[in-house]
Amino acid sequence: MALFRTKKAAIAAATAVLALALSACGGSGGGGGGSTESGASAPYTVASNVSLTGSPTFDKIKSAGKVRIGVKQDQPGLGFKDAATGEYSGFDIEIAKWVAASLGYSKDKIEFKPIPSANRESAIQNGDIDYYVGTYSITDKRKQQIDFAGPYFITGQGLLVKKSNTTINSDKDLAGKTVCSATGSTPLQNITKNYPDTKTTSFETYSLCVDALKDGRADAVTTDEAILIGYAAQEPDALKVVGKPFTVEKYGVGLPKGDTALRKFINDMFTNGKSTWQKIYDSTLGKSGTKVEQPAVDNY
């Protein structure tokens, strides 16, 4: 599913996402009966008296009295941490808060833990976090190690290059070029497998890939187009997104393997909360002007 199909749309989206990143708007809150959280963008409430039988993850959360959520912190519009205030904002952050609130936990009971792409499965398996929300593509390989709720969003792999670059206009132009992506990410695996004439380099975070692009160590950065639009929005005179998405990526909430009760709980939340999902999208990525429908969940 392509988010941005034309150059004009990409530019408009970049401008909107930049405004979003600069305002660092973030909500709080939940998804059932209970108290409404403060915050202009909070479209949900904190549930009360939640009963979730058979979920060891929920039992851990109750015992700790807080929710530990793995996130990204360097993706404007999706998962971004403001260096000055320490506040997190973006679409994924709001989804993470919605899940927490539906479980009965308000913003002040959330501990966000930035986890690099390559360490997501181990962080879930080791119990370092209760769940992960951060542009986490659902794949069969990952489902062997963890479970996913969702998908809650669908996007596609794209390319970010320097504004002055005229040789890379799509994924058809990558032969002989060096492409950077996050270590362990699905986009990096796709380039390695399906573009054998393309060189690759990787770092723990996409922001380091963007640095490599700007100083000439890489010719392009690849990941989901929604993420790349955010980076282009930060430096529109230096960076641009080119071509059309060339994969389909389904974002899910990463969960401990075998916690069927929690996966069903979150899937039911998504299925029954379409208006809440729409409000979250409209207050974050939707400010780009792009219309996107909430996808149906996979009840595997």
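Annotations for the structure displayed:
- Selected residue (only one of T205, T222 is buried (at least 20 other Cβ atoms within 10 Å of the Cβ), under 26 Å from Y152 (Cβ atoms), among the polar types (S, T, N, Q) and in the same structural domain as L174 (by TED's automatic domain parsing)): T222
- Qualifying residue in segment 102-114 (condition: within 25 Å of D224 (Cα to Cα), hydroxyl-bearing (S, T, Y) and either out of contact with any helix residue (DSSP H, G or I) (no Cβ under 6 Å at 6 or more places or on another chain) or touching a residue at least 12 places away in the same chain (Cβ under 8 Å) (or both)): no
- Against the conditions (1) touching an Asp or Glu at 6+ places or on another chain (Cβ under 8 Å); (2) in a loop (DSSP other than H, G, I, E, B); (3) not charged (D, E, K, R), P236 satisfies every one except (1).
- Residues (closer than 22 Å to K287 by Cβ and either at pLDDT below 95 or in contact with a Phe, Trp or Tyr (Cβ under 8 Å, 6 or more places away or on another chain) (or both)) located in segment 113-142: T135
Results for (1) closer than 16 Å to I115 by Cβ; (2) over 13 Å from the mean Cα position of the chain (by Cα); (3) modelled with pLDDT of 95 or more; (4) not basic (K, R), shown as yes or no for each residue.
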| position | (1), (2), (3), (4) |
| --- | --- |
| G54 | no, yes, yes, yes |
| F58 | no, yes, yes, yes |
| I61 | no, yes, yes, yes |
| G70 | yes, no, yes, yes |
| Q75 | yes, no, no, yes |
| E87 | no, yes, yes, yes |
| G90 | yes, no, no, yes |
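- Scanning segment 268-298 for residues that are closer than 17 Å to D92 by Cα and of a type in the set (D, E), we see that the one that is surrounded by the fewest Cβ atoms within 10 Å (Cβ to Cβ) is E293.
- Single match in K244, K287 (criterion: assigned to a loop (DSSP other than H, G, I, E, B) and over 24 Å from Q144 (Cα atoms)): K244
For every residue, the table says whether it meets (1) touching a residue at least 40 places away in the same chain (Cβ under 8 Å); (2) within 25 Å of A123 (Cβ to Cβ).
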{"residue": "T186", "(1), (2)": "yes, yes"}
{"residue": "C209", "(1), (2)": "no, yes"}
{"residue": "L239", "(1), (2)": "yes, no"}
{"residue": "K250", "(1), (2)": "yes, yes"}
{"residue": "V253", "(1), (2)": "yes, yes"}
{"residue": "G258", "(1), (2)": "yes, yes"}
{"residue": "L262", "(1), (2)": "yes, yes"}
{"residue": "T276", "(1), (2)": "yes, no"}
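- Check on I138, β-branched (V, I, T), assigned by TED's automatic domain parsing to the domain that holds P256 and either closer than 18 Å to E225 by Cα or in contact with a strand residue (DSSP E or B) (Cβ under 7 Å, 6 or more places away or on another chain) (or both): yes
- Selection over segment 199-215 of residues that are out of contact with any Asp or Glu (no Cβ under 9 Å at 6 or more places or on another chain) and assigned to a loop (DSSP other than H, G, I, E, B) gives a count of 2.
Residues are listed down the side, and each one gets a yes or a no for (1) closer than 19 Å to S170 by Cα; (2) touching a Lys or Arg at 6+ places or on another chain (Cβ under 7 Å); (3) buried (at least 18 other Cβ atoms within 10 Å of the Cβ):
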position	(1), (2), (3)
D215	no, no, no
G230	yes, no, yes
P236	yes, no, no
V241	yes, no, yes
E249	yes, no, yes
K257	no, no, no
T260	no, no, no
I266	no, no, yes
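- Pairs where the first residue, in segment 155-168, is in the same structural domain as V221 (by TED's automatic domain parsing) and touching a residue at least 40 places away in the same chain (Cβ under 8 Å) and the second is buried (at least 18 other Cβ atoms within 10 Å of the Cβ) and among the basic types (K, R), C-beta under 6 Å, 6+ apart: K163/K240
- Residue match in segment 115-122 (condition: without any contact (Cβ under 8 Å) to a residue 24 or more places away in the chain and outside any helix (DSSP H, G or I)): no
- Test: residue in segment 245-268 that is out of contact with any strand residue (DSSP E or B) (no Cβ under 7 Å at 6 or more places or on another chain), under 20 Å from L78 (Cα atoms) and not small (G, A, S): no
The values are calculated or read from the model by the stated rules, or taken from the named source; none is laboratory data. Remember, predicted model here, so these are calculated numbers, not experimental data. Note that each Cβ is placed from the backbone with ideal geometry, even for glycine, and that neighbours are counted across all protein chains shown.
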